[in-house]
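Novice: Dropping a structure here in structure tokens format, bear with me for questions.
Only the coordinates and a few stated rules stand behind these numbers; no lab work does. No experiment lies behind these values; they were computed from the predicted model shown. Because the Cβ atoms are built from the backbone with ideal geometry, glycine has one as well, and the counts that use them run over all protein chains shown.
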2 protein chains.
Amino acid sequence: MKNDNIRPTESELEILQILWAQGPSSVRTVNELLNEKRDVGYTTTLKIMQIMADKHLVERNTESRTHIYEASISEEATQQKLLDRFVDATFRGSAMKLVMQALGNHKASKQELEDIKALINSIEKKDNK
Amino acid sequence: MKNDNIRPTESELEILQILWAQGPSSVRTVNELLNEKRDVGYTTTLKIMQIMADKHLVERNTESRTHIYEASISEEATQQKLLDRFVDATFRGSAMKLVMQALGNHKASKQELEDIKALINSIEKKDNK
DNA sequence: AATTATATACGAATTCTTTCGTAATTCAAA
DNA sequence: TTTGAATTACGAAAGAATTCGTATATAATT
């Protein structure tokens, strides 16, 4: 399989977030959205997206003059890999410690908390089988 | 306050993990523990720890010839900051999405799951006040 | 057709991090 | 005291990531 060792850099991840949210987009669109958060030159964004294409993090359609880029790795799979690494690096592998910290320090809606409890219950049910 | 914008690199974080686990340590000790996971030259470790001292990520006691290094930022505060940034970068700010992914894909003991449920219940109780 | 605007390509400068060789220093052992 | 071992200091090389200037090509406008 391809893209097994995905490791987008921070800039690349910013761009992936935009592509995941927007769907296939031109460099200009991505650059404009990027600039809502911080200043980045157009050619900088272009260059990074070209590098991402080389790495197969994105695919691009070059039929029209304005190339259209699309994420070629899924948001969920990427998040999962990055999460694994983050848990190792920051919480010494204890995902539960991370969960506790995240729950303790970020506001969650009642609905979200219920969702999490439901998920835990379904995990516990599975374990008992 | 100092160290407000902590941003340890990956190598620095590895070393911090060791210092948090071991308490104040010499470069040699840190380097040996580091080498249980991967090959790193002694002077490499030394250099990084010296840089960390410059950045005030660690303090060092230079009274004896063998300098003793100690983490100067707490594990919890560091984890919290890194977690915040990670949630932003990877989960577009949705800590709950991160929690769901972490719960869904990492094995948790029955006890840990109960702990999390208890935490959620206590959060819900607080919210109702 | 000439001009202007918009795009991509390319390469190089810059910055950040990691790595390590070498020199200088201090301590311990012979 | 001399030799050898362990330590820190220093600087520079190597790599990775980011940034951007400039050239070139294409399309749109006048």
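Novice: When the chain is fully extended, how far beyond the present Cα-Cα distance does A:A53 get from A:R85, taking 0.36 nm per residue of separation?
Specialist: Result: 9.2 nm gained on full extension.
Novice: Would you tally the net charge around A:V40, using a Cβ to Cβ cut-off of less than 15 Å, leaving A:V40 out, and scoring K and R as +1, D and E as -1?
Specialist: -2
Novice: Can you compute the FRET efficiency between A:D115 and B:Y42 using 1/(1 + (r/R0)^6), with r the Cβ-Cβ distance and R0 = 41 Å? Round to the nearest 0.05.
Specialist: 0.25
Novice: Using a label position 7 Å from Cα in the Cα→Cβ direction, what is the ascending list of nm distances from B:S109 to the same site in the other copies?
Specialist: Here the equivalent label points are 3.5 nm apart from this one.
Novice: Another question, if that's okay. How big is the protein assembly as shown by the Kirkwood estimate over distinct Cα pairs, in Å?
Specialist: Kirkwood hydrodynamic radius for the protein assembly as shown: 21.0 Å.
Novice: What pairs from A:K37/B:K81; A:K97/B:K81; A:K110/B:K107; A:K81/A:K117; B:K81/B:K125; A:K117/B:K125 go past 18 Å between their alpha carbons?
Specialist: Beyond 18 Å: A:K37/B:K81; A:K110/B:K107; A:K81/A:K117; B:K81/B:K125.
Novice: For B:6-13, what's the mean count of beta carbons from other chains sitting within 10 Å of each residue's beta carbon?
Specialist: Partner Cβ neighbours, averaged per residue: 1.
Novice: Let me ask something additional. Specify which residue in the list A:M96, B:G23, A:S26 is farthest towards the positive end of the charge dipole of the protein assembly as shown, using unit charges on the beta carbon of Lys, Arg (+1) and Asp, Glu (-1), about the Cα centre.
Specialist: The residue sitting farthest along the positive end of the dipole is A:M96.
Novice: Show that you can apply the helix-only estimate: for chain A, add -39,500 (n - 2.57) for every DSSP H stretch of four or more residues, divide by all residues, and state [θ] at 222 nm to the nearest 500.
Specialist: Counting only the DSSP helices, I get -20000 deg cm²/dmol.
Novice: How big, on average over all directions, is the shadow cast by the Cα convex hull of chain B, in nm²?
Specialist: Directional mean of the projected Cα hull area for chain B stands at 11.1 nm².
Novice: Using a 10 Å cut-off around each Cβ of peptide B:81-88, what is the average number of partner chain Cβ atoms that fall inside?
Specialist: 4
Novice: For B:120-126, what's the mean count of beta carbons from other chains sitting within 10 Å of each residue's beta carbon?
Specialist: 3
Novice: Which aspartates and glutamates have a Cα lying under 15 Å from the Cα of B:K55, excluding residues fewer than 8 positions away in the same chain?
Specialist: Straight-line reach from B:K55, under 15 Å: B:D4, B:E10, B:E12, B:E70.
Novice: Hey, what D do you get for the stretch B:4-64 in µm²/s if you plug the Kirkwood alpha-carbon radius into Stokes-Einstein at 4 °C and 1.567 mPa s?
Specialist: Stokes-Einstein gives a translational diffusion coefficient of 110 µm²/s.
Novice: Say the dipole of the protein assembly as shown comes from +1 at the beta carbon of Lys and Arg and -1 at that of Asp and Glu; which of B:N128, B:Q79, B:T66 then lies farthest toward its positive end?
Specialist: B:N128
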